[in-house]
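The values are calculated or read from the model by the stated rules, or taken from the named source; none is laboratory data. Worth saying up front: this structure is predicted, and the values here are computed from it rather than measured. Counting neighbours? That spans all protein chains shown, and the Cβs are built from the backbone with ideal geometry, glycine included.
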Amino acid sequence: MLESHLTIANLPWAPASGEQAATSEITADTAALLAGRFATAYREGDRVVLARDRLGLNKLFVAHHPVRGVVAANYLRDLIRTGIAFRDIHAVPAGAVVTVDPRRRTASTHHYYILPATSGGTGRPQREILAEIDATLRRGMERLAADHTGAPVAICLSGGADSALIALHAKRCFPRATAYTYTYTSDGAGLSQDAAAAQHVAQHLGLDHRLVPADTEAILAALQPALLHGQDWRDFNVHAAVVNTLLAAAIAAEHQTVRGPAPLVLTGDLMNEVLGDYSPLHYAGTTYYPLPAVGPSRLRTSLTRGIQAGDREVGVFNAHGLRVVQPYAWAFQALLELPDPVAKHEIMTALADGGLPDDILVRPKVRAQIGEAHVHRGILPLLLDAGHDSDRLQQDFCQVLAISDPRELRAFLRGGVYRPLPATHR
């Protein structure tokens, strides 16, 4: 009736009570109380219940097999390896609990959380919202420390304000945490602006710091695992997954001989989505990473909705035996309440409350895939120069997962959302 290949650990907690949450059998009622990431599948009588976190951080793919019944997995590869055709794979939507009757081949979907159509506009004072965000980050980090005593902690420190703020909170609860920063090194390239800023933050916070250098050969070698574990072929997510593949390998290598709990990896991911802090990049006369042509309030919710597709962090780090934590996910609803237009510097300065250097808080936006304010080196130009443009990445993805027809990708991912499980009743 149910064959489960859910290999990614769930990491939810209940903000209202501050308690750790049970993750084995999550119902619509309990799911509504949880923050963090989870994907579960379990039998309830003659039915199968599948539940996924609000943002869809944990992927939950599902298919029906005539003999084995409902087959669920975090990774597409695990379904395909068991003989499921790619065209028959669907996803449980973010913020939903789906009940499947395998015998009748019916499904009902309950959306316990629905993303608002626009951001901002709740009328709450910004000071009150920021206080809630700060309190949630503090309590979530304390809960994490209590639940994972003795676990090594790594912080992905890009040099930007988002990851620096997470490092600030982490230092309070995990004083022995180590920060890791990717930097591109090839053709005599010096330290990137991002890496230099990250060193500055680590020194300011008193964190041990490791640079993770990668040359052209290392980046090209990371492409295939980034596609496989990142579960996406779109250039932005692939490029981000390459960075995280390099970081994950370095972190895992440092802890491979250490017995005990799996390392936790803290990142500053998701803040850019909920605050709409993205812009296209231009290289060699072409625009990359384009954004939807909508206003700021719809852009923020559109980017946030898109988090449920692609696995650039959770899937990539888990493949190396690491448990990734994205603390901004705990507070994403409050972050979406912040009024438009978002004054990012003002928000980050208030949340840091004097705990971070001013020059880090006012740094211009730099993408981790590049590491510089201008696009002239790094993952995007390197992969493009090696022939891995958007069309080639689709071909690469199909090759990695043995998908025969690239046209199937368009049917699987539409509007930034994976193909949902067909429901006979909603």
Counted residues in segment 239-259 being among the polar types (S, T, N, Q) and under 11 Å from PHE317 (Cα atoms) come to 2
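In the same structural domain as LEU266 (by TED's automatic domain parsing), acidic (Asp, Glu) and either closer than 25 Å to SER302 by Cα or at pLDDT 95 or above (or both): which single residue out of ASP134, ASP88, ASP53, ASP78 fits that description?
So the residue among ASP134, ASP88, ASP53, ASP78 that is in the same structural domain as LEU266 (by TED's automatic domain parsing), acidic (Asp, Glu) and either closer than 25 Å to SER302 by Cα or at pLDDT 95 or above (or both) is ASP134.
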Quick check: is even one residue across segment 87-108 of a type in the set (Asp, Glu) and crowded, with 17+ Cβ neighbours inside 10 Å?
no
Note down all Cβ pairs under 6 Å where the first residue falls in segment 322-351 and is more than 19 Å from LEU266 (Cα to Cα), the second is of a type in the set (Ser, Thr, Tyr) and at pLDDT 95 or above, and they're at least six residues apart or on different chains.
LEU336/SER119
Take the residues in segment 113-129 that are surrounded by 19 or more Cβ atoms within 10 Å (Cβ to Cβ) and of a type outside the set (Gly, Ala, Ser), then tell me which one is nearest to ALA343 (Cα to Cα).
ILE129
So, ALA293, is that one among the small types (Gly, Ala, Ser) and more than 18 Å from the chain's Cα centre (by Cα) or not?
yes
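Sort out which residues of segment 211-238 are within 19 Å of GLU313 (Cβ to Cβ) and of a type in the set (Asp, Glu), and write them in order of number.
Selection gives ASP232, ASP235.
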What residue, among those in segment 385-405 that are outside any helix (DSSP H, G or I), surrounded by 14 or more Cβ atoms within 10 Å (Cβ to Cβ) and among the hydrophobic types (A, V, I, L, M, F, W, C), is nearest to the chain's Cα centre (by Cα)?
LEU401
Where in segment 30-138 are there strands (runs of 3 or more DSSP E), lying fully within it, with 2 or more residues that are touching a residue at least 40 places away in the same chain (Cβ under 8 Å), out of contact with any Pro (no Cβ under 7 Å at 6 or more places or on another chain) and not small (Gly, Ala, Ser)?
39-44, 47-52, 61-65, 96-101, 106-111
May I ask you to verify whether GLY150 is in the same structural domain as TYR328 (by TED's automatic domain parsing), surrounded by fewer than 17 Cβ atoms within 10 Å (Cβ to Cβ), of a type outside the set (Phe, Trp, Tyr) and in a loop (DSSP other than H, G, I, E, B)?
yes
Of all residues in segment 268-277, which are surrounded by fewer than 23 Cβ atoms within 10 Å (Cβ to Cβ) and assigned to a loop (DSSP other than H, G, I, E, B)?
GLY268, ASP277
Would you list the helices (runs of 4 or more DSSP H) that sit entirely within segment 296-346 and hold 3 or more residues that are of a type in the set (S, T, N, Q)?
296-305
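Regarding segment 156-175, can at least one residue be identified that is among the small types (Gly, Ala, Ser), without any contact (Cβ under 8 Å) to a residue 40 or more places away in the chain and touching an Asp or Glu at 6+ places or on another chain (Cβ under 9 Å)?
No, segment 156-175 contains no residue that is among the small types (Gly, Ala, Ser), without any contact (Cβ under 8 Å) to a residue 40 or more places away in the chain and touching an Asp or Glu at 6+ places or on another chain (Cβ under 9 Å).
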Which fully enclosed helices (runs of 4 or more DSSP H) of segment 186-256 have 3 or more residues being farther than 22 Å from GLY310 by Cα and in contact with a Ser or Thr (Cβ under 6 Å, 6 or more places away or on another chain)?
193-205
